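What follows is one structure encoded as C-alpha cells, with my remarks underneath.
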Amino acid sequence: MRIAIDGPAAAGKSTVAKLLAKELGYLYIDTGAMYRALTLAALKSSVDLEKEHELVELANDTSITFQAGADGQQEIYVNEINVSKAIRDKDVTNHVSIVAKHRLIREKMVSMQQQLAEKGNVVMDGRDIGTHVLPNAEVKIFLIASVTERAERRHKENVENGFDSDLETLKDEIRKRDQLDSERDVSPLVKADDAIELDTTSMSINEVKDQILSIVIQKEVSEEGKS
Ligand code: CDP
Ligand code: CDP
C-alpha cells in the first residue's frame, strides 16, 4: 500500500506520516527534506537559485541519501554529511520554494522519489505526491489547517527548541511559501481529485493519525474484497 500525504506548510504532514509509517511498519519518505537538502547545498555554493542550469549542474554533482539513525529516525545526507538539522534552518526554509519551482530539478527529484517508493508499503509526504510522484497511490490524503493554526504550531515548536520566533513573521513566511508552491507552473501544490481532504485545524496529532489509519484499513478491506 502506498500512502501519499500532501498539503501546505506546517499542516502536520511529516509528524503524522512518521507516526503512521511506524505504526504500519512502512517506509517513510520526506520529499521536502530532499528539496531542502539541495537548497542547502546551493546556498553553500555560489549557485544562483533562479538559474535552473546552475542548479541542475549542482544536483548532478550532489548525492542526497537517507539513512536510519541510531534512534531509528531517518537522517538525510548530502555528499555523506548528515544535514538533518541544517536543512531546517530559516535560510533554507525561506529559499526552498525557489529551488523547487524548476522543472528539471523537479523531474530529478520525482524520479529519485519514485525509485525510493518502488518496494511499496510506503508513506510519502510532500506537495505533489498524489498528483505526480505516486499518481496511483492506494490512499491519498490532503492535509490542511488555517494559516493562524499552522503558524502557531511552528511557533510552539520553535519556542520548545529554544529558537527565536515571531508569530506574525511566521504567518507571513508560511503565506509566501504556500503562494509560491501553489502558483508555480510545474506540479503546483494542489489536491489530487481522488485525495481525501482533512482539515486538521482543531485536531490533535493522534486524531489525524487515527483518522488516516481508519481510511487505510477501509481501503485494505475493500481491496481484499476485490481479490
Ligand atoms: O515541512 P514544511 O511544510 O515546512 O516543508 P517541507 O515539506 O519540508 O517542504 C519544503 C519545500 O519543498 C516546500 O515549501 C516546497 O517548496 C518544496 N516541496 C515540493 O515542492 N514538493 C514536494 N514534494 C515537497 C516539498
Ligand atoms: O510536515 P508539515 O510541515 O506539514 O508539518 P509538521 O512539521 O509535521 O508539523 C508542524 C508542527 O505542528 C509540529 O510541531 C507538529 O507537532 C504540530 N502539529 C500539531 O500541533 N497538530 C497537528 N494536528 C499536527 C501537527
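Using Cα springs under 10 Å in a Gaussian network model of the chain, which residue among I217, I144, I64 shows the largest mean-square fluctuation?
I217
Using the per-residue mean of other Cβ atoms lying within 10 Å as a proxy for protection, in what order, highest first, do the peptides 195-202, 156-163, 16-23, 79-86 fall?
16-23, 195-202, 79-86, 156-163
In nm, to one decimal, how far is the modelled label at D91 from the one at N60, with both set 7 Å along Cα→Cβ?
About 2.7 nm, to one decimal.
For the chain, calculate the relative contact order in percent as a whole number, restricting contacts to Cα pairs under 8 Å that are 6 or more residues apart.
Averaging sequence separation for qualifying contacts and normalising by length gives 32 percent for the chain.
Using alpha-carbon positions, what is the distance between the centroids of the range 125-191 and the range 56-121, in Å?
17
In the chain, what percent of the accessible surface is made up of carbon and sulfur (1.4 Å probe, ligands and nucleic acids excluded)?
In the chain, the share of accessible area belonging to carbon and sulfur is 48 percent.
Kirkwood hydrodynamic radius, the chain, all distinct C-alpha pairs: what's the number in Å?
18.1
Per DSSP helix of 4 or more residues, -39500 (n - 2.57); summed, then divided by the residues of the chain. What does that give at 222 nm, rounded to the nearest 500?
Taking each H run of at least 4 residues, the total per residue is -16000 deg cm²/dmol.
Amide H neighbours of E138 under 5 Å, counting only residues 5+ apart in sequence or on other chains, H built in-plane at 1.01 Å?
Under 5 Å from the amide H of E138: R2.
Want the number for Y77 to K51: 0.36 nm per residue separation, take away the alpha-carbon distance, what's left?
Value of the extension gain: 7.0 nm.
Please compute the per residue accessible area over the chain with all protein chains in place, 1.4 Å probe, rounded to a whole number of Å².
In whole numbers, the chain has 52 Å² accessible per residue.
Highest mean first, how do 170-183, 107-120 rank when packing is the count of other Cβ atoms within 10 Å averaged over residues?
Descending packing order for the listed peptides: 170-183, 107-120.
With a/c under 1.5 counting as rounded, go ahead and sort the range 111-173 into rounded, prolate or oblate using the C-alpha gyration tensor (a ≥ b ≥ c being the square roots of the eigenvalues; past the cut-off, prolate if a/b is larger than b/c, else oblate).
Because a/c hits 1.5 or more and a/b exceeds b/c, the range 111-173 counts as prolate.
The values are calculated or read from the model by the stated rules, or taken from the named source; none is laboratory data. All figures in this text were calculated on a predicted structure; none of them were measured in a lab. When we count neighbours, we look across all protein chains shown, and the Cβ atoms used for this are built from the backbone with ideal geometry, even at glycine. In case anyone asks, the SASA skips ligands and DNA or RNA and just uses the protein heavy atoms, side chains included. Shrake-Rupley method; radii C 1.70, N 1.55, O 1.52, S 1.80 Å.
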